[in-house]
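Report on the following structure.
The values are calculated or read from the model by the stated rules, or taken from the named source; none is laboratory data. Note that the structure is predicted; figures quoted are calculated from it, not measured. Using ideal geometry, Cβ is built from the backbone for each residue, glycine included, and neighbour counts are taken over all protein chains shown. Heavy atoms of the whole protein, side chains included, go into the accessibility calculation; ligands, DNA and RNA do not. Shrake-Rupley method; radii C 1.70, N 1.55, O 1.52, S 1.80 Å.
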There are 2 protein chains.
Amino acid sequence: MDQPTPKKPSRIQQKNRKRILEAALDVFSQHGYRGATLDQIAEAAGLSKPNILYYFSGKEEIHVTLLNRLMETWLDPLDEMDPNGDPLQEMLGYVRRKLQMSREFPRESRLFANEILQGAPRMAPHLESGLKPLFDRKCALVREWMDQGRLAPVDPGHLIVSIWATTQHYADFDAQLGVLMPPGAPGAETFLETLYTRLLTPGR
Amino acid sequence: MDQPTPKKPSRIQQKNRKRILEAALDVFSQHGYRGATLDQIAEAAGLSKPNILYYFSGKEEIHVTLLNRLMETWLDPLDEMDPNGDPLQEMLGYVRRKLQMSREFPRESRLFANEILQGAPRMAPHLESGLKPLFDRKCALVREWMDQGRLAPVDPGHLIVSIWATTQHYADFDAQLGVLMPPGAPGAETFLETLYTRLLTPGR
DNA sequence: TCGTGACTTTACCATTTGGTAAAAAAGCGG
DNA sequence: CCGCTTTTTTACCAAATGGTAAAGTCACGA
């Protein structure tokens, strides 16, 4: 009932595709799309270049596959925000999850940042169809909370964007932060919790 | 008294170097270092490739020149923070100047972001020698203000980093924001002013 | 106006890069 | 162990790319 045309992928195929994607994530996140080469990916994956092209039709398909996989998990923290929870705690929980995700998947974060920096040439559709609706929904939720007086009023859109900005920064600008602060940037959680608590706590 | 070894650059030399750097800023900021090609830069500058290599010894020298010029102006807003001014107003003024700079020089912002994302291979020395000392100095100033009770206490380092993150985001992630919000993201100034006012206003 | 040095162009190169063809080698069900 | 499919390797290729050599062309002071 579920393999009409695409045959089931063999074990070895699954394994090698995974290895390639893993290697490609390393390379793309470090050098960007154009800066990455198939040879680099091949070496990192421990496979020959033509062998990689046996599993993927080209460089772009690898990249697109990575972006697709990324979008699946990238939006989870935002999606998990619960309309029935305590507003402030929900917001802080989101900040915490997003920061943790940046820390846990810095390569994914950089892959994303690289793509956006370059004008999102291979991801514009995803933004429109995947991110936009969720973003709008959560903006509405936040606005509702504010209207009810359960969060201090600010522009919901800018609020969410600022959360992305601050949390992603720790992954994407690691090279800069490493020069300025003790590695790992301890205290980021505390700082961001303070920041958003003071911003969002209602009633002067 | 000021041309010991390097002869004075002729008018035409000045003009063409400027054109090349202008074109290179376009190209590098859009495609990153490895994604940019000399041919692209040449075309954007309206010069032939070998002609460009008459003015610069190679691709890397153009890039490094841009980064050097960038650092000169990039730190100005932070430098302008006045120890004798009103703490909160100084901080808000810094946020405003930084945001304005991101808006006015988005290419420079992206050039910088690209370089950092890639691990700052051509800029690490600048960070250490140019940015670090200024950063430390301003952290000390902010901490002083907090100790005097003139700003609400938070980690000064994370505070400054968060200002970079939020303000740069508007330039660097333009492609993403364009999908989510009305173009130009009006209201960013207002939002950031609210954010940092609530964070930093002393006394509960 | 003429020579000389500053600037440009034309014609190339060697390497790298994404990608292909086809032969060789594994796997694997029977 | 056989035959067929899946996987991997070897040997290439055309285009792109950073860069060079050397022959012009231009500008301008004497």
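Can you pull out the residues in the stretch A:34-44 that are surrounded by fewer than 18 Cβ atoms within 10 Å (Cβ to Cβ) and more than 18 Å from A:ARG17 (Cβ to Cβ)?
Scanning the stretch A:34-44 gives A:ARG34, A:THR37, A:ASP39.
Kindly list, by first and then second residue, each pair from a residue in the stretch B:25-41 that is of a type in the set (Asp, Glu) to a residue that is assigned to a helix (DSSP H, G or I), limited to pairs with Cβ atoms under 7 Å and residues at least 6 apart or on different chains.
Pairs found: B:ASP26/B:ALA44; B:ASP26/B:ARG107; B:ASP39/B:LYS49.
Report yes if some residue within the stretch B:12-34 is modelled with pLDDT under 95 and part of a loop (DSSP other than H, G, I, E, B); otherwise report no.
no
Considering each of A:LEU70, A:LEU75, A:LEU47 in turn, give the residue that is more than 16 Å from DNA strand C (Cβ to nearest atom) and buried (at least 17 other Cβ atoms within 10 Å of the Cβ). Working first, answer last.
Details: A:LEU75 fails: buried (at least 17 other Cβ atoms within 10 Å of the Cβ); A:LEU47 fails: more than 16 Å from DNA strand C (Cβ to nearest atom).
Sole residue among the options that is more than 16 Å from DNA strand C (Cβ to nearest atom) and buried (at least 17 other Cβ atoms within 10 Å of the Cβ): A:LEU70.
Tell me yes or no: at least one residue of the stretch A:99-107 is part of a helix (DSSP H, G or I) and buried (at least 21 other Cβ atoms within 10 Å of the Cβ).
Checking the stretch A:99-107: at least one residue is part of a helix (DSSP H, G or I) and buried (at least 21 other Cβ atoms within 10 Å of the Cβ).
Look through the stretch B:36-84, keep the residues that are more than 8 Å from DNA strand D (Cβ to nearest atom) and within 14 Å of another protein chain (Cβ to nearest Cβ), and return whichever of them is farthest from B:PRO125 (Cα to Cα).
Here the residue is B:LEU78.
Name the single residue that is most open to solvent (accessible area, probe 1.4 Å) among those in the stretch B:50-61 being within 15 Å of DNA strand C (Cβ to nearest atom) and assigned to a helix (DSSP H, G or I).
Per the stated criteria, the residue is B:TYR54.
Just wondering, is there one or more residues in the stretch B:36-43 that are within 15 Å of DNA strand C (Cβ to nearest atom) and assigned to a loop (DSSP other than H, G, I, E, B)?
Yes, that holds for at least one residue.
Results for (1) more than 9 Å from chain A (Cβ to nearest Cβ); (2) among the charged types (D, E, K, R); (3) touching a residue at least 12 places away in the same chain (Cβ under 8 Å), shown as yes or no for each residue.
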site	(1), (2), (3)
B:ARG110	no, yes, yes
B:MET123	no, no, yes
B:TRP145	yes, no, yes
B:GLN176	no, no, no
B:VAL179	no, no, no
B:PRO183	yes, no, no
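Take the stretch B:152-174 and flag every residue that is free of Cβ contacts under 8 Å to residues at least 60 places away in the same chain, more than 8 Å from every other protein chain (Cβ to nearest Cβ) and assigned to a helix (DSSP H, G or I).
Correct list: B:PRO156 only.
Please enumerate the residues belonging to the stretch B:14-35 that are away from chain A (no Cβ under 14 Å) and of a type outside the set (Lys, Arg). Quick ask: steps written out before the conclusion?
So in the stretch B:14-35, the residues away from chain A (no Cβ under 14 Å) come out as B:14-25.
Scanning the stretch B:14-35 gives B:GLN14, B:ASN16, B:ILE20, B:LEU21, B:GLU22, B:ALA23, B:ALA24, B:LEU25.
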